[in-house]
Amino acid sequence: MARPRSPGFEDQRAQILAAAARVFAQRGYTAATMNEVAAACGVSKPTLYHYVRDKHDLLAQIASTHVARLEFLVVQVAALKLAPEAGLRELILRFMRAYASAGNEHRVLTEDVKFLADAERAEVLAVERRVVAGFAAAVVALRPELKRAHLAKPVTMLLFGMINWTFTWLQPGRALDHESLAPIVVDLFVGGLAALQPRSVAPA
């Protein structure tokens, strides 16, 4: 019989994943060691292995937990049933806020997912595709003609290009942070979206 989990198991696991993501982001997944992860978590290695099987399992949990959190944001906003522009605006704002505290996880996701096993990587990519589809649906709700012109996904990927890489240049502790940048992204994207003249392209 499996040992029952303590009431604080999930909180401790979340803290371990956050600390491990920080180590992986700073050192690189291949260079990082479980000793470094345990030290960053403030726990012993035996305690660390109570929560994860090995370093590979840590990477898989970081990636899957991060994309699941992003997908949940898409589901939350869709459930609000906002008007098209308000819905897209809310989606962008929530993602930017999430990225403010997930820069390490996002770096791990973009740089280290290649080290996952095929099935694990496929599962993460499937969730990522659902996230993109949710954004594309929000874009199409505002500009339906983009779907007819086969531009919904390309335009959505342009939007992700604006927000996904902020972890590489947006430094914490500066006057401009994720919260203050979010409305700028919204205004720039939505304002530019209104000016976009769709030109039909062949479907991918």
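Please verify whether Ala63 is aliphatic (A, V, I, L, M), crowded, with 20+ Cβ neighbours inside 10 Å, in a helix (DSSP H, G or I) and in contact (Cβ under 8 Å) with a residue 40 or more places away in the chain, treating the condition exactly as stated. Considered against the rule, which asks whether it is aliphatic (A, V, I, L, M), crowded, with 20+ Cβ neighbours inside 10 Å, in a helix (DSSP H, G or I) and in contact (Cβ under 8 Å) with a residue 40 or more places away in the chain, Ala63 comes out as yes. Reported count of residues in the range 133-165, each being within 17 Å of Leu93 (Cα to Cα), at pLDDT below 95 and either small (Gly, Ala, Ser) or touching a Lys or Arg at 6+ places or on another chain (Cβ under 6 Å) (or both), is 1. Taking the criterion of being surrounded by 14 or more Cβ atoms within 10 Å (Cβ to Cβ) and outside any helix (DSSP H, G or I), no residue of the range 8-28 qualifies. Scanning the range 72-99 for residues that are in contact (Cβ under 8 Å) with a residue 24 or more places away in the chain and surrounded by fewer than 17 Cβ atoms within 10 Å (Cβ to Cβ) yields Val75, Ala78, Pro84, Glu85, Arg97.
Against the test of being in a helix (DSSP H, G or I), touching a Leu at 6+ places or on another chain (Cβ under 9 Å), under 18 Å from Phe24 (Cα atoms) and open to solvent by less than 70 Å² (accessible area, probe 1.4 Å), the options Glu128, Glu105 yield a single qualifying residue, Glu105.
Filtering the range 108-123 down to residues that are within 11 Å of the chain's Cα centre (by Cα) and closer than 14 Å to Leu58 by Cβ, which residue is surrounded by the most Cβ atoms within 10 Å (Cβ to Cβ)? Working first, answer last.
Here is the first cut: in the range 108-123, the ones within 11 Å of the chain's Cα centre (by Cα) are 108-110.
Cutting the leftovers down to closer than 14 Å to Leu58 by Cβ gives us 108-109.
Details: Val108: 26, Leu109: 21.
Checking each candidate, the answer is Val108.
For the range 132-163, a residue qualifies if it is loosely packed, with under 14 Cβ neighbours inside 10 Å and outside any helix (DSSP H, G or I), and exactly one does: Pro144. Put simply, of Pro203, Pro198 the only residue that is farther than 17 Å from Leu93 by Cβ, modelled with pLDDT under 90 and open to solvent by less than 60 Å² (accessible area, probe 1.4 Å) is Pro198.
Take Leu170 and decide whether it is under 18 Å from the mean Cα position of the chain (by Cα), assigned to a loop (DSSP other than H, G, I, E, B), more than 20 Å from Ala83 (Cβ to Cβ) and of a type in the set (A, V, I, L, M, F, W, C). Yes: the conditions hold for Leu170. Annotation for the range 171-194: no member residue is open to solvent by 60 Å² or more (accessible area, probe 1.4 Å), closer than 28 Å to Ala31 by Cα and acidic (Asp, Glu). Would you check which residues across the range 29-50 are at pLDDT 95 or above and not in a helix (DSSP H, G or I) and list them? Residues satisfying the conditions are Tyr29, Thr30, Ala31, Ala32, Thr33.
Within the range 173-193, the set of residues being of a type outside the set (Asp, Glu), out of contact with any helix residue (DSSP H, G or I) (no Cβ under 8 Å at 6 or more places or on another chain) and in a helix (DSSP H, G or I) comprises Ser180, Ile184, Gly191, Gly192.
The values are calculated or read from the model by the stated rules, or taken from the named source; none is laboratory data. Predicted model, so just to flag it, every value in this text is computed and none were measured. Using ideal geometry, Cβ is built from the backbone for each residue, glycine included, and neighbour counts are taken over all protein chains shown. Ligands, DNA and RNA are excluded from the accessible area calculation, which covers all protein heavy atoms including side chains. Shrake-Rupley method; radii C 1.70, N 1.55, O 1.52, S 1.80 Å.
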